[in-house]
């Protein structure tokens, strides 16, 4: 469904991604785990063309090419087939909940406003935000704002939804409501790639866990493979540290 080969990315002299191979199959729920600074967010942003890759290839949604030399049409095609849920919501502060979800449908997908409203209302209902359509982001809790972000992503009916640490900016008591929505999406068969520090979610919802460190995929496998039988010392060290703090 989506294949990345030998992806590299640098900022100045610092190489962030060092030859990443990454594959997503339909229906996958892949969690990316690893220490801060390991390149997880850069990987997602490069796959979705929010950042330009320096090297490597992509095969997705009919686009086959080098990430450093994608055409405007290639970039548009990729973006129209992915959803992205940001760490800090990235909602328009001057638009209502409903307008935040319809905006991408109307502007990027050229869907008529009446149809976009119907799609947006259905997406907001799915995430439990149907009663907040007239609220502005400043009137929402962090968990509510993030659920609007998820509604915006799923309204586009993307082939893959990417989540960049969707609960890290939330107060602890609000994390559960967002994870509940994500679990529901996974159960319905949505294809998802999730950067997370929520190890229970990674273990219990994902079908594949990818551990990254120092700009590389160190180890990947099923949740049982990674959490119960990690093979690489770097993975073992990370899990020992993070799980001891849970």
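Below is a table of values for the structure above.
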read-out: Alpha-carbon spread of the chain, three principal axes, descending order, Å; value: 53, 43, 33
read-out: Protection-proxy order for peptides 224-236, 180-192, 27-39, each taking the mean of Cβ atoms within 10 Å per residue, highest first; value: 27-39, 180-192, 224-236
read-out: Region 135-186 shape via C-alpha gyration tensor axes, a/c threshold 1.5; value: oblate
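All of the numbers you see were taken from the coordinates with simple rules; none came from a lab. Everything numeric here is computed off the predicted structure, so don't read it as measured data. Here the Cβ is made from the backbone with ideal geometry for all residues, glycine too, and neighbour counts use every protein chain on show.
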